[in-house]
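Below is one structure; the comments refer to it alone.
The values are calculated or read from the model by the stated rules, or taken from the named source; none is laboratory data. Not measured: the values here are computed from a predicted model. Note that each Cβ is placed from the backbone with ideal geometry, even for glycine, and that neighbours are counted across all protein chains shown. Please note that ligands, DNA and RNA were not included when accessible areas were found on the heavy atoms of the full protein model with its side chains. Shrake-Rupley method; radii C 1.70, N 1.55, O 1.52, S 1.80 Å.
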Amino acid sequence: SLSALAAGMTQRVVLDSVEGRVFAGEKDPAIRREPFFGKESDEQIERMQRQARAERFRTLWIVGISLLVTVLGVANALLMSVTERFREIGTMKCLGALSVFIRTLFLIESSLIGLAGSLVGAILGALLPMIAYGFAYRFGLVFGSLPYGALALSALGAIAVGTLLAVIAAIYPARFASRMVPASALRSTV
C-alpha cells in the first residue's frame, strides 16, 4: 500500500515512474504521489534539448567567426608581404619567372606559415589545459587518464585545417602578385 511505502518518511512523497499505477490507499491526503517520468519531466527534457541545441549553434557560430578572422588575418599578412616585395616580384618576372611560379611561391609561403602557426597552436592548446588540470587534480591523475590517441588525432586534424585555411587565405594575394606587370612593379617605391 502507499502508506507502507511512505512509512518513516519525513516528507511523505512517493516518486513513481509509471504514471497510471494505482496503489492501495492512494486517497491518503498526507502522502503526495508524483510521477517521475510524467508530463513535467518530458517538458524539462525538451527544454534541456532546446538549450543544448542553442549552445551547439552558439559554439558553431563562434568557431565560424574565429576561422573567418583567422583567414582574413593570414590574407592581410600575405598582402602586406606582396606589397613589401613589389620590386622582388618585378625582378623575378623580368628574369623570366612565370606567373605560376610566383603564385606557387606565395602558396608555399602561406602553407609554411599555416603549418607553423597550427603546430604551435596545437601544442599550446594541449599543454595549457594539461598544466592547469595538473595543478588542480594532480599531474599523475591527469596524464594517466588522457586519451593520447584521440589527442594526437585532434592535433593532426587541427594542423591540417590550419594549413588548409592558410593556403585558402593566400589565393588572392598570390593571384595579385602573379598578375603584376614587371615594369610597374620595378618602379614602385614601397
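Net charge near Ser99: determine it from the other residues with C-beta under 14 Å of the C-beta of Ser99, scoring Lys and Arg +1 and Asp and Glu -1. Could you put the intermediate results ahead of the total?
On the way: positive: Lys93, Arg103, Arg175, Arg179; negative: none.
Value of the local net charge: +4.
Using packing as a proxy for protection, rank 44-55, 94-105 so that the peptide with the highest average count of other Cβ atoms within 10 Å comes first. Display every interim value, and only then the final one.
On the way: 44-55: 10.1, 94-105: 13.4.
Highest-to-lowest ranking by the protection proxy: 94-105, 44-55.
Please compute the length gained on full extension between Ala97 and Arg56, using 0.36 nm multiplied by the number of residues separating them and subtracting their Cα-Cα distance. Mind showing how you got there, number by number?
Numbers: separation 41, 0.36 × 41 = 14.76 nm, distance 4.89 nm.
Result for the pair: 9.9 nm of gain on full extension.
Can you give me the accessible area per residue for the stretch 68-108, using a 1.4 Å probe, in Å²? Provide the component values of the computation, followed by the final result.
On the way: 2500 Å² over 41 residues.
Ligands and nucleic acids excluded, the figure is 61 Å² per residue.
Could you compute the FRET efficiency for Ala183 and Leu79, with r as their C-beta to C-beta distance and R0 at 30 Å, rounded to 0.05? Kindly include the intermediate steps, with their values, before the conclusion.
On the way: r = 21 Å, r/R0 = 0.71.
Efficiency computed from Cβ-Cβ geometry: 0.90.
Could you calculate the contour length gain from Asp42 to Ser111, that is, 0.36 nm times the residue separation minus the distance between their Cα atoms, to one decimal place in nm? Mind showing how you got there, number by number?
Numbers: separation 69, 0.36 × 69 = 24.84 nm, distance 5.08 nm.
Taking 0.36 nm per residue and subtracting the Cα distance, the gain is 19.8 nm.
Measure off, as a whole percent, the carbon and sulfur share of the 1.4 Å-probe accessible area of the stretch 88-188, all protein chains present. Intermediate values should be presented prior to the final figure.
Values: 4870 of 6300 Å².
Taking all protein chains in place, the stretch 88-188 shows 77 percent carbon and sulfur surface.
For the stretch 115-125, in order, what is each residue's ³J(HN,Hα) by Karplus, 6.51 cos²θ - 1.76 cosθ + 1.60 with θ = phi - 60°, in whole Hz (x at glycine and Pro)?
My calculation for the stretch 115-125 gives 5, 5, x, 5, 5, 5, x, 5, 5, 5, x Hz in order.
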